[in-house]
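The block underneath contains the structure these notes are about, expressed in structure tokens.
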Amino acid sequence: MQNRTSALWLSWSLSLLFLLSTACKTAEKVQIDPSQRLENSLLWEIKGKGIKTSYLFGTIHMIGEKDYSFSEKAEAALDKSKRLVLEIDMSNMMQMGMQMLSLAPMQDGKKLKDLLPAEDYELIKTYFTEEATNPELKMMPFSMIEGWKPMLLQSFLYQDMIEGATKAYEMELMAMAKKRNMSFGGLETIADQMNVFEKIPYKDQAQALLEGVKGLKNGDESGKTEFAQLVELYKKADVDGLIESSSEQMEEMENSEEELLIKRNNNWIPLIKEFSKKEACFYAVGAAHLGGPHGVIRLLRKEGYQLTPIDIKN
């Protein structure tokens, strides 16, 4: 169970962190020309020479149960697909968990207490061990995770921003795909994702974690409000709006946009092309990856593929 829990949080952490306002900042504010904005759709059909018709769907990884939805058009697209491709292949949770546990620790045996003043370290420790509501933390003692890369720890704060029961799109999609006897794939490996954390200074990560914990401990509602705004943009399927809003809210962290989004999006394009040559695929990635000038939709269009919205929200 512990391996499964750890793997789930890793698989969500990168896109979750992009949506947490204390995590990072784009190099400059993203502003999409009104005449060039994408239609409000989380579901896009991919067509082009040499590939099977496939689909691209934007998720928000974890969301309040009352806000979760998966439309009939999305169900139909899944029915037409042979393979479910997520950011990472989640079909073997035990293997994922083992890999994650081996790669989560910081290099050189560093611990969180090595990155922060003692008072700040104790504040974070107290929150994680006594105050956080995330049930996953009850299954992992702080002594186990305090040596993890701080951005991984930050992803655990996400649960405290959501009131009530939650749903995870990846787990829902996995269940639906298994019922349809679909095959599975991933656009990157756990090692790829963990390498992203090495490109952002540990001290910057620890400071972002500290600010996030302080906000939650002090009853600061700004983080919850900003997240609620992002959820509303997601429900409206405004994929360009998600990028614009996030760029306004995020604070500075060195190399963040380049490592969390731009490089990963570009790395995914050739894999999407290869997967879709073989069979019809349903790609489900964090909605933050779809829009913006460096988003997957515009990158695929630059490669000559036709991206058509098929579930437009008004």
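Rolling a 1.4 angstrom probe over the protein chains, ignoring ligands and nucleic acids, what is the accessible area of Glu232 in square angstrom, nearest 10?
Counting only protein heavy atoms, Glu232 exposes about 80 Å² to solvent.
Could you work out the relative contact order of region 73-149? I mean the mean sequence separation of Cα pairs under 8 Å and 6+ apart, divided by the number of residues, in percent.
Details: 26 pairs, mean separation 29.5, N = 77.
Once normalised by length, the contact order is 38 percent.
Take the Cβ-Cβ distance between Thr53 and Thr225 as r, set R0 to 45 Å, and report the resulting FRET efficiency rounded to the nearest 0.05. Could you put the intermediate results ahead of the total?
Numbers: r = 40 Å, r/R0 = 0.89.
It comes out at approximately 0.65.
Once you have the Cα-Cα distance between Lys278 and Asp33, take 0.36 nm times their residue separation minus that, and quote the gain in nm to one decimal. Provide the component values of the computation, followed by the final result.
On the way: separation 245, 0.36 × 245 = 88.20 nm, distance 3.59 nm.
Using 0.36 nm per residue and subtracting the Cα-Cα distance, I get 84.6 nm.
Quick check on region 53-147: what are the equivalent-ellipsoid semi-axes from the Cα gyration tensor, as sqrt(5λ), descending, whole Å?
Values: eigenvalues 274, 68, 27 Å².
Here the semi-axes work out to 37, 18, 12 Å.
Using amide H atoms built in the peptide plane, which far-off residues or other-chain residues are under 5 Å from Tyr283 H to H?
Tyr55, Leu56, Phe57, Val85
Points 7 angstrom from Cα along the Cβ direction at Lys313 and Glu119: gap in nanometres?
Label-label distance for Lys313 and Glu119, simple model: 4.3 nm.
Rounding to the nearest 20 debye, state how big the charge dipole of region 76-211 is about its Cα centre with +1 on each Lys and Arg Cβ and -1 on each Asp and Glu Cβ. Before the final figure, lay out each step's value.
Values: 15 positive and 21 negative charges, 163 e Å.
Approximately 780 debye in magnitude.
For region 52-100, what does the alpha-carbon gyration tensor say about shape, rounded, prolate or oblate, given a ≥ b ≥ c as the root eigenvalues, a/c under 1.5 as rounded, and a/b over b/c as prolate? Walk me through the numbers before you get to the answer.
Details: a/c = 2.74, a/b = 1.29, b/c = 2.13.
Oblate, since a/c reaches 1.5 and b/c is not below a/b.
If you filter region 121-166 for GluC sites (Glu not before Pro), then keep DSSP loop positions with at most 10 other Cβ within 10 Å, what is left? Let's see the in-between values first.
Values: sites: Glu122, Glu130, Glu131, Glu136, Glu146, Glu163; in loops: Glu146, Glu163.
Within region 121-166, no GluC sites (Glu not before Pro) qualify (loop, at most 10 other Cβ atoms within 10 Å).
For region 259-314, which trypsin sites (Lys or Arg not before Pro) are in a loop by DSSP, counting at most 15 other Cβ atoms within 10 Å? Write down the numbers at each step before the final one.
Values: sites: Lys263, Arg264, Lys273, Lys277, Lys278, Arg298, Arg301, Lys302, Lys313; in loops: Lys313.
Qualifying residues, ordered by number: Lys313.
Compute the Cα gyration tensor for region 107-231, then decide on rounded, prolate or oblate, letting a ≥ b ≥ c be the square roots of its eigenvalues: rounded whenever a/c is under 1.5, prolate when a/b is larger than b/c in the other cases, and oblate in all that remain. Numbers along the way, then the final one.
On the way: a/c = 2.02, a/b = 1.37, b/c = 1.47.
Verdict is oblate for region 107-231.
The values are calculated or read from the model by the stated rules, or taken from the named source; none is laboratory data. All figures in this text were calculated on a predicted structure; none of them were measured in a lab. Glycine gets a Cβ as well: all are built from the backbone with ideal geometry, and neighbour counts include every protein chain shown. Quick note on the areas: whole protein, heavy atoms, side chains included, nothing else; ligands and nucleic acids left out. Shrake-Rupley method; radii C 1.70, N 1.55, O 1.52, S 1.80 Å.
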